[in-house]
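Participant: Please see the structure below; I have some questions.
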Amino acid sequence: MRWPLVWRSRFDALQVECDLLRAQQLYMVDREAFNLLVDERDRLVTQNADLLNHVRRIDRVEHGLTEEERKKREVLDDMPYEMKRYISKYRSPTREYQEKLAWDRRKKGEPWADIWAEYQAK
């Protein structure tokens, strides 16, 4: 029997394609065994994440940093123009006090609309 001559690169490409086709074959396994395998994989992934987090914390402490990174401060939006104009009508010490009160309430999470509504009600 005479075999046709083929370039080595084409033969290797064909071999790789055959390997890929073999890898795509479906194997029948028990459902419980599959579920156990998936659960074990999930457990190991979480355990690996915890260990990496622990190593990162130790590394930070060894380099003179805190264990956790410092949280960035929340950027506050500007005071509404009408409210600024209203507060600017007060005399200096009162104006500064009113501005400080408004900003403190905003930092606690109260929206500008509620603060402004209360100023208008007074």
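Participant: Determine, yes or no, whether Lys107 is of a type outside the set (A, V, I, L, M) and exposed (fewer than 12 other Cβ atoms within 10 Å of the Cβ). Walk me through how you get there before you give the answer.
Facilitator: On the way: of a type outside the set (A, V, I, L, M): yes; exposed (fewer than 12 other Cβ atoms within 10 Å of the Cβ): yes.
Judged against the criteria, Lys107 is a match.
Participant: So, one more: Could you tell me whether the stretch 12-29 includes any residue that is within 31 Å of the chain's Cα centre (by Cα) and hydrophobic (A, V, I, L, M, F, W, C)? Before the answer, list the steps.
Facilitator: Of the residues in the stretch 12-29, the ones within 31 Å of the chain's Cα centre (by Cα) are none.
Within the stretch 12-29, none of the residues are within 31 Å of the chain's Cα centre (by Cα) and hydrophobic (A, V, I, L, M, F, W, C).
Participant: Conditions: (1) more than 30 Å from Tyr119 (Cβ to Cβ); (2) loosely packed, with under 10 Cβ neighbours inside 10 Å. Leu51 meets all but one. Number of the miss?
Facilitator: (2)
Participant: Out of Arg85, Arg56, Arg43, Arg60, I need the residue that is part of a helix (DSSP H, G or I) and closer than 16 Å to Trp116 by Cα. Which one?
Facilitator: On the way: Arg56 fails: closer than 16 Å to Trp116 by Cα; Arg43 fails: closer than 16 Å to Trp116 by Cα; Arg60 fails: closer than 16 Å to Trp116 by Cα.
That would be Arg85, the only listed residue that is part of a helix (DSSP H, G or I) and closer than 16 Å to Trp116 by Cα.
A short reminder: the numbers here are calculations on the coordinates, not readings from a lab. Bear in mind the structure is a predicted one, so any value in this text is a computation, not a measurement. Note: ideal-geometry Cβ built from the backbone for every residue, glycine included; neighbour counts use all protein chains shown.
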